[in-house]
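Here's the structure we're looking at; comments come further down.
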Amino acid sequence: MSGPRLVRLPEHIVEIVSDAGEGAQKAAIAFAQLCAKAGNGLWTVEIIPSEIQPPPHTTGSASGNRIRLAERSQVTNAGNLANVVLAFNEMALLSRLEAGSLADDVLVLIDDQWATHDNERYQRSYREVLDKFRARGATIVEIPMNAETVRHVEDAERGKNMFAVGLLCALYSKDLSVLQSIIRSIFEKKSRDVIEAAVKLAGAGYQYGIAHFEECFEIRPVPTDVSKVAMNGNTALALGAVSAGFELCSMYPITPATSASHALSEIFEDFGGFVHQAEDEIAAIGVALGASYAGKTALTITSGPGMALKTEFQGLAVMTETPLVIINVQRGGPSTGLPTKIEQSDLLHAIYGAPGDAPKVVVAPSTIEECFYILSVARKVAEEFRMLVIVLSDANLATGQQLFDRPDVSGTPQRPPLDLSPVPLGALPYDWDPTTGLSQRLIPGQPGGMGVTTSLNHDRDGKACYDSERNQRGHTMRSRKLAALQKSLTPPSVHGAPEGDLLLVGWGSTRGAIEEAVDMARDAGLAVSSLNIQFLSPLPPGLHEIFAGFRQITTVELNYSDDWEDPLITKENRRYGQLAWMLRAATLLDIDSYAKVPGRPYMPVEIFDEIKRILGDQPGTGSAAEPLLATKGAY
Amino acid sequence: MSSLAELCVIESGASEAHSLDDYESEKPRWCKGCGDHGVLVALQRALRKNNLEPEEVVSVSGIGCSSRLPHYLNTYGFHGIHGRALPIATGVRLSRPELPVIVVMGDGDCFSIGGNHWLHAIRYNINAVVLVLDNEVYALTKMQVSPTTPDGWKTKTTPRGTYLQPMNPLSVVMGMTNVSFLAQTATWLPAHLDETIEKAWDHHGLSFVRILQRCPVFMPQAFGEGGLNFPVVFLENEDGIPVHPLLLKRGQTQAHNHRDINEAQRVAVSVDPAPMGLLYQNPDVPAYEEIRWGRQDRPDHPTFIERLDSVLDRYTVS
Ligand SMILES: Cc1ncc(C[n+]2csc(CCOP(=O)(O)OP(=O)(O)O)c2C)c(N)n1
Ligand code: SF4
Ligand SMILES: [Mg+2]
């Protein structure tokens, strides 16, 4: 036997799925670490069953991961259709087909125990599903995963996943000894027997693969000297919060935000910080606000429904100009919606959700690396401008893993002690600079600065007042800070050429897929570029100039918009994607939107198809010759 | 709220004795005859008695007539939103345990919209003086039913009389884990009010005080025409709240052991006559902020960086 043929590839996407509880997630984590350690760029996405105890051997029970790995270290999104799927049963396999995530010619590795299983229903469905895949052009490799596993451990349910990761190690020509040391560290807290069994099973899977695969893949990492870290976006937010100098995080558990608080709870007390789990989301923001009022740097972490509960307090933070940071890891809505899935539907709520006119700052990280750094920006803006800063992350960033340059934290500035120096009696708590709206904050403990901070309208002296002149002034000063901040921002940079037929505008985690689609389109000769907007409130400068370079502009967002083809939909009543609403209002340009709620990230090909559709025939949107300006003299 | 956590005490320059004026801010805008005036004065006296620097104290309130109090007290104050004073106060205590905190709420504020925070604050047992000014009505919004409005009384949302029995906040407090201090007093008994607030101030932990408060505008008939015909019984204990001989014409006294939780629970459920004085005190319940500060490490800057680096090591792949 000469061993498998080696095929070199620039990148691949592999999915690993099992019934919930069978450990595909663990296998995937080990495999992802193996690839990351080798220096492959990667992006992982969790495949999560939506129920806690789904019935086994059903599509609803599928649990696992998608891993996109590449030669280059920079992978910005989960990619297109998967090339390989390793499934513990045919229903888990089928679930991925139903999710539309597999290539027609996908290589399927599947446990063959169901072919001869006692349960005839399983036998039948196993045959049917595999026939379906064969008909589509898939290659099926049936592997006695269960049988091989029971040769090493009594209970195959506990260990099959390690056999599986051994298979993948062989399939992708990785180093078995590295995998085994990763397994040892993953199971660090388990007994010796468990660890050794896992290590042995990985070895067995590896040997099986080498002996039976006809073809193995090699994705050779591009060598680099730069130290890299791999983590998910929620961990990046947590570590970013520590490194940005936050001292208190007050939260109430909600998917998909909770794991950020978990990561923070693990370490925060070692850094002089607290995670306070409050009795509800309202209390959570209240505690953070109280801490910030008292001079500490505080944040609260939540997701859509929690964000809704926090709106009254947001108004209070704005009114009292108390610095505060809220992280909203967005999920599918409305209401409980799709709790574990990605959506970008909280943009307008973030910007406008509060009683009255409440100017806030809203920013959105677009990569996991940005999740780490964005909290320093958020803290700085919150404190310098005495403003509420909302960071909009999402479920895709939250649970995806990405490789990025290890942050250099050696220069992290030291937290200065609270400045409690006396101020002259009667010092103004809102000594607004009329040109910027900025003022110095007084902190409890500062002699001379006593006075009430009130949610009522107030003037520079902080005292409640009800006349129109002073109401107008308070509003103007709070709003002016947004303009002052906007003046300090730099224009975003265009991905691709500065002019062309089409500009795609996105925000948040869709960036990677949009840019990849733009690259595909440009390779195909289409004049397309893209723009990612990080500051959503205030919008960054330079948008008019950038937009002027393009004949058409469309936002790409993971939120709802009506389709032009939908019944009843006209120019007058169409609801656009949320960023599109903002940009239309801000620029008076006829900006369209491609906005859907699939509950998963966009694949670059979907966006590429949309680009082709827009630049080809454009049903409903009017002809390309129609001028972009909706209003004369928009510039 | 005796022992300020010794974690980082503010160095205050002047330490001469303060006068009452030092704690006075703008002129109170409550109605004439409103019980809230007396609570303000009692608080100012407690501050003077403890000779606190005005800048060292934080008073936090929600929304309501009663919640205006921080405006009239010359300390740092936070007049927040309806029902949410306790979370804000918890945030202040968690981050600055050296600052004494007073919380002022109305009955609607605390028992209704803020009910969840109320229960949990008792369990957290932050070190703060928590006063509920209970006029048995929503006064600021001009007379709607409150959780403590007596059965059958007419308000603007119950013009034909209320539908439910009033809530007994004392029994709720006594049902909570970690309760450490509960007292009841009334605005028409100023000496008792003063003593109660002082006692609350001296307690280490959350001192919960329900103050029966006259609202001559919207509830003139409450508490037996503002206390004139209101049956009370004064709880007596040499460690409790002193019962001035003049009070005895308002009600009888009853010996009470406020260290005994069962006895306190029994007294808490009896509403007629209303128990006045210290129902319960347990100074040994740990305060949440002190538990948290006790478990937290505060590394110097080089150690901070070192630790951050070693956390990053865990995620480093190459
Ligand atoms: C979220 C919210 N809901 C309702 C109100 C209106 N509101 C203001 S004060 C109040 C009730 C006041 O009653 P209470 O708390 O007993 O205080 P009092 O005025 O009697 O001292 C209400 C309902 C508000 N300000 N905010
Ligand atoms: S309405 Fe009642 S509670 Fe409000 S200030 Fe007047 S008397 Fe006091
Ligand atoms: Mg009231």
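Take A:H349: with every protein chain present and a 1.4 Å probe, its accessible area is about 60 Å². When the solvent-accessible area of region A:494-552 is split by element, carbon and sulfur atoms take up 48 percent of it, the probe being 1.4 Å.
Taking only Cα atoms, what is the 0 to 90° angle, nearest 10, from helix A:176-186's long axis to the longest principal axis of chain A? It is inclined by approximately 50 degrees. The residues of chain A expose, per residue, 39 Å² of accessible area to a 1.4 Å probe.
Kindly state, to the nearest 0.05, the FRET efficiency for A:R134 paired with A:D419, given R0 = 51 Å and r defined as their beta-carbon distance. Spell out each step's value before the answer.
Details: r = 72 Å, r/R0 = 1.41.
The formula returns an efficiency of 0.10 here.
Percent antiparallel among DSSP beta bridges with both residues in the protein assembly as shown, to the nearest 5?
Taking every DSSP beta bridge within the protein assembly as shown, about 30 percent pair in antiparallel fashion.
Suppose R0 equals 22 Å; then what is the FRET efficiency for B:E225 and B:V269 from their Cβ-Cβ distance, rounded to the nearest 0.05?
Working: r = 26 Å, r/R0 = 1.17.
The calculated FRET efficiency here is 0.30.
Among the protein heavy atoms of chain B, carbon and sulfur supply 51% of the accessible surface, probe 1.4 Å, non-protein parts ignored.
Farthest toward the positive end of the dipole of region A:28-133, out of A:V45, A:F31, A:A70, is the Cα of A:A70, where the dipole comes from beta carbon charges about the Cα centre.
Give the B-A buried accessible area in Å², both sides summed, 1.4 Å probe, nearest 100. Could you put the intermediate results ahead of the total?
Values: alone 15290 and 27270 Å², together 37230 Å².
So the buried area, both faces added, is about 5300 Å².
Cross-link partners for B:K156 among the lysines, with Cα-Cα distance under 29 Å and sequence neighbours closer than 8 places in the same chain left out: B:K32, B:K142.
Computed 3J(HN,Hα) for region A:130-142, one whole-Hz value per residue from the Karplus formula 6.51 cos²θ - 1.76 cosθ + 1.60 where θ = phi - 60°, is 5, 4, 4, 5, 4, 4, 7, x, 6, 9, 10, 10, 8, glycine and proline marked x. Multiplying the residue separation of A:Y352 and A:H212 by 0.36 nm and subtracting their alpha-carbon distance yields 44.5 nm. Residues of region A:313-353 that bury at least 40 Å² of accessible area once all protein chains are present, compared with their chain alone (1.4 Å probe, heavy atoms only, ligands and nucleic acids left out), are A:F313, A:L316.
Extension gain, A:A103-A:Q472: 0.36 nm per intervening residue step, less the Cα-Cα distance, totals 126.9 nm.
Coupling constants for region A:602-613 follow from the phi torsions by the Karplus curve (6.51 cos²θ - 1.76 cosθ + 1.60, θ = phi - 60°), and in residue order they are 5, 8, x, 5, 4, 5, 4, 4, 5, 4, 5, 5 Hz; glycine and proline get x. For A:L403, the residues whose modelled amide H falls within less than 5 Å of its own, excluding neighbours fewer than 5 places apart on the same chain, are A:L42, A:V75. Placing a label point 7 Å from the Cα of B:L248 along the Cα-to-Cβ direction, the residues of region B:181-199 with a backbone N closer than 18 Å are B:191-192.
Near B:L279, the amide H atoms lying under 5 Å from its own belong to B:L182, B:A183, B:Q184; only residues 5 or more places off or on other chains count, and H is placed 1.01 Å from N.
Remark: relative contact order (region A:229-408) = 30 percent; criterion is Cα-Cα distance under 8 angstrom and separation of 6 or more residues. Helix A:192-212: angle to the longest alpha-carbon principal axis of chain A, degrees 0 to 90, nearest 10? That works out to roughly 60 degrees.
Compute the accessible area per residue over chain B, keeping the other protein chains in place, probe 1.4 Å, unit Å². Let's see the in-between values first.
Numbers: 12590 Å² over 318 residues.
Result: 40 Å² per residue.
Would you rank A:D419, B:D284, B:D260, B:D109 by solvent-accessible area, highest first, keeping every protein chain in place and using a 1.4 Å probe? Don't skip to the end; give the middle numbers.
Values: A:D419 95, B:D284 125, B:D260 50, B:D109 5 Å².
Putting A:D419, B:D284, B:D260, B:D109 in descending order of accessible area: B:D284, A:D419, B:D260, B:D109.
Annotation for A:R192 and A:R151: the two label points, set 7 Å from Cα along the Cα-Cβ direction, are 2.6 nm apart.
Helix-only arithmetic for chain A: the sum of -39500 (n - 2.57) across DSSP H runs with n ≥ 4, divided by the residue total, places the mean residue ellipticity at 222 nm at -11000 deg cm²/dmol.
Across the protein chains, with a 1.4 Å probe defining accessible surface, the residues A:T436, B:T253, B:T185 rank B:T253, A:T436, B:T185 from largest area downward. Along region B:144-149 the Karplus relation, 6.51 cos²θ - 1.76 cosθ + 1.60 evaluated at θ = phi - 60°, assigns HN-Hα couplings of 10, 5, 10, x, 9, 4 Hz to successive residues, with x for each Gly and Pro. Its convex hull of Cα atoms gives the protein assembly as shown a direction-averaged projected area, equal to a quarter of the hull surface, of 45.5 nm². Around the amide H of A:L86, modelled in the peptide plane, lie the amide H atoms of A:E15, A:I16, A:V17, A:L109, all under 5 Å away and 5 or more residues distant in sequence or on another chain.
Rolling a 1.4 angstrom probe over region A:76-157 with all protein chains present gives an accessible area of which 43% lies on carbon and sulfur atoms. Going from the isolated chain to the complete set of protein chains, region A:248-273 loses at least 30 Å² of heavy-atom accessible area (1.4 Å probe) at A:I267, A:E269, A:D270, A:F271, A:G272.
Once all protein chains are placed together, A:M520 keeps about 60 Å² accessible to a 1.4 angstrom probe. Counting, for every residue in B:183-191, the Cβ atoms of other protein chains within 10 Å of its Cβ and taking the mean gives 0. Residues of region A:16-38 that bury at least 40 Å² of accessible area once all protein chains are present, compared with their chain alone (1.4 Å probe, heavy atoms only, ligands and nucleic acids left out), are A:K37.
Among A:K228/A:K380; A:K37/A:K360; A:K481/B:K27, which pairs are too far apart, with a Cα-Cα distance over 31 Å? Could the numbers behind the result be given before it?
Details: A:K228/A:K380 26 Å; A:K37/A:K360 41 Å; A:K481/B:K27 33 Å.
Flagged as over cut-off: A:K37/A:K360; A:K481/B:K27.
Using R0 = 51 Å, the C-beta based FRET efficiency linking B:D239 and A:T224 works out to 0.10. Hull volume per residue, based on the alpha-carbon atoms of region A:229-408 and their convex hull, is 96 Å³.
Please work out whether region A:494-634 counts as rounded, prolate or oblate from its C-alpha gyration tensor, where a ≥ b ≥ c are the square roots of the eigenvalues and a/c under 1.5 means rounded, while otherwise a/b larger than b/c means prolate and anything else oblate? Walk me through the intermediate numbers first.
Details: a/c = 1.17, a/b = 1.06, b/c = 1.10.
Rounded, since a/c falls under 1.5.
Taking square-rooted eigenvalues a ≥ b ≥ c of the alpha carbon gyration tensor, is region A:423-488 rounded, prolate or oblate, where a/c under 1.5 means rounded and, failing that, a/b exceeding b/c means prolate? Cα axes put region A:423-488 in the oblate bin. Axis of helix A:468-488 versus longest Cα principal axis of chain A: the two differ by about 50°, to the nearest ten degrees. Taking square-rooted eigenvalues a ≥ b ≥ c of the alpha carbon gyration tensor, is chain B rounded, prolate or oblate, where a/c under 1.5 means rounded and, failing that, a/b exceeding b/c means prolate? Prolate shape, in that a/c is at least 1.5 and a/b is the bigger ratio.
The values are calculated or read from the model by the stated rules, or taken from the named source; none is laboratory data. Keep in mind the model is a prediction, meaning the values are calculated, not measured. All Cβ positions, even for glycine, are placed from backbone atoms using ideal geometry, and neighbour counts span all protein chains on display. Ligands, DNA and RNA are excluded from the accessible area calculation, which covers all protein heavy atoms including side chains. Shrake-Rupley method; radii C 1.70, N 1.55, O 1.52, S 1.80 Å.
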